[in-house]
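Novice: One structure coming up, written as structure tokens, with questions to follow.
The values are calculated or read from the model by the stated rules, or taken from the named source; none is laboratory data. No experiment lies behind these values; they were computed from the predicted model shown. Note that we place each Cβ from the backbone using ideal geometry, even for glycine, and neighbour counts take in every protein chain shown. The accessibility values were calculated without ligands, DNA or RNA, using every heavy atom of the protein model including side chains. Shrake-Rupley method; radii C 1.70, N 1.55, O 1.52, S 1.80 Å.
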Amino acid sequence: MTMGPGLYSEIGKKARDLLYKDYQTDQKFTLTTCTPNGVAITASGTKKSDLIFGEIQTQLKNKYVTVDVKANSDSSLLTTVTANDVATPGLKTICSFVVPDQKSGKAELQYLHDYAGVSAAIGLTWNPLLNLSGVIGTNTFAAGVDVAFDTTTGNFTKYNSAVSFTNVDLIASIALNNNGDSLTASYYHLINPLLSTAVGGEITHRFSSNENTLTFGTQHALDPQTIVKARVNNYGKASALIQHEWRPKSLITLSGEVDTKSIEKGSKVGLSLVLKP
């Protein structure tokens, strides 16, 4: 396993997960079963307002190749084939396409090295969208860029950059996103590893509107199977959740959100139940 800087998408991920992961205001149910030959079948349903969305996913794994087939209530079928350690250790190949969308095909290569992480993706069309991201550095300090080029128009549609610093208990990052229109700084501080106690924050400045968004959050484990999280931003939106692992890999999560500046609007409550064998 490489101990390098990882991929571009992993810069700032610890802080994002602390502040945003598992928070929801919908009702979601997920059930996973496994067949004797190793095929995993996952069925999920999500209720948003008065609408219900369903999804069925089938996953087959062998030593190096994973095949995922996902069907949803929009009558689309997503197939993803992932091959790990192809030709050389650290190289991953991902091919995906959506039926019936004939322009959805995409091929991606990811390579992880002790001092670099590279991801290159191309759309499988006559005039494809090219996406390239790269990170150089170590597991302590890393810098990276993420760009996309539209071969139809001949223009760059995305150009972002980021740097990160990682210590034993502290991770900090700065990213220039939205084609240079927003600057985001974030940090994650692990206070007590035994109790998973951590705090984190994120501030984003948007140059076009001169707006600032500040989000602060924390988490703490009540016991080895139960964790609580809370967050608040400068617009007065406060959220909290409690997640309990009542058996291995099976989770129940209850979350809520309230606008402290408009209490009369009431609160939003979300429930997620994940059942795995």
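Novice: Out of SER73, SER133, SER96, which single residue is of a type in the set (Ser, Thr, Tyr), out of contact with any Ser or Thr (no Cβ under 9 Å at 6 or more places or on another chain) and at negative phi?
Specialist: After ruling out the rest, the residue left standing is SER73.
Novice: Also: Would you confirm, using the coordinates I've provided, whether SER49 is at pLDDT below 95 and open to solvent by 60 Å² or more (accessible area, probe 1.4 Å)?
Specialist: yes
Novice: So which residues in the stretch 22-45 are closer than 30 Å to ARG231 by Cα and outside any strand (DSSP E or B)?
Specialist: ASP22, TYR23, GLN24, THR25, ASP26 - these are the residues of the stretch 22-45 that are closer than 30 Å to ARG231 by Cα and outside any strand (DSSP E or B).
Novice: Show the residue pairs that are 6+ apart or on different chains and have beta-carbon atoms under 8 Å apart, the first residue being within the stretch 73-87 and closer than 30 Å to HIS113 by Cα and in a loop (DSSP other than H, G, I, E, B), the second being open to solvent by less than 60 Å² (accessible area, probe 1.4 Å) and not charged (D, E, K, R).
Specialist: ASP85/LEU91; VAL86/THR93
Novice: OK, next. Does any residue in the stretch 206-220 that is open to solvent by 60 Å² or more (accessible area, probe 1.4 Å) and charged (D, E, K, R) come within less than 9 Å, Cβ to Cβ, of a residue that is modelled with pLDDT of 95 or more and part of a strand (DSSP E or B) six or more places away or on a different chain, and which pairs are these?
Specialist: So the pair list comes out as ARG206/SER182; ARG206/LEU183; ARG206/ASN212; ARG206/THR213; GLU211/THR204; GLU211/HIS205.
Novice: Would you check which residues across the stretch 109-159 are more than 23 Å from THR93 (Cβ to Cβ) and not hydroxyl-bearing (Ser, Thr, Tyr) and list them?
Specialist: GLY137, ASN139, PHE141, ALA142, ALA143, ASP150, GLY154, ASN155, PHE156
Residue-by-condition table, conditions (1) farther than 18 Å from LYS13 by Cα; (2) in contact with a Phe, Trp or Tyr (Cβ under 8 Å, 6 or more places away or on another chain); (3) at pLDDT below 95; (4) not hydrophobic (A, V, I, L, M, F, W, C):
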position: LEU183; (1), (2), (3), (4): no, yes, no, no
position: TYR188; (1), (2), (3), (4): no, no, no, yes
position: LEU195; (1), (2), (3), (4): yes, no, no, no
position: GLY201; (1), (2), (3), (4): no, yes, no, yes
position: ARG206; (1), (2), (3), (4): yes, no, no, yes
position: GLU211; (1), (2), (3), (4): yes, no, no, yes
position: GLN225; (1), (2), (3), (4): yes, yes, no, yes
position: VAL228; (1), (2), (3), (4): yes, no, no, no
position: ASN233; (1), (2), (3), (4): yes, yes, no, yes
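Novice: Can you name every one of the strands (runs of 3 or more DSSP E) wholly within the stretch 191-273 that holds 1 or more residues which are within 30 Å of ALA43 (Cα to Cα)?
Specialist: 211-223, 226-233, 237-247, 250-259
Novice: Does LEU109 fit the bill of being farther than 20 Å from VAL67 by Cα, aliphatic (A, V, I, L, M) and open to solvent by 40 Å² or more (accessible area, probe 1.4 Å)?
Specialist: no
Novice: Report, by residue number, each residue of the stretch 234-277 that is touching a helix residue (DSSP H, G or I) at 6+ places or on another chain (Cβ under 9 Å) and either open to solvent by less than 40 Å² (accessible area, probe 1.4 Å) or not β-branched (Val, Ile, Thr) (or both).
Specialist: Result: ASP259, single match.
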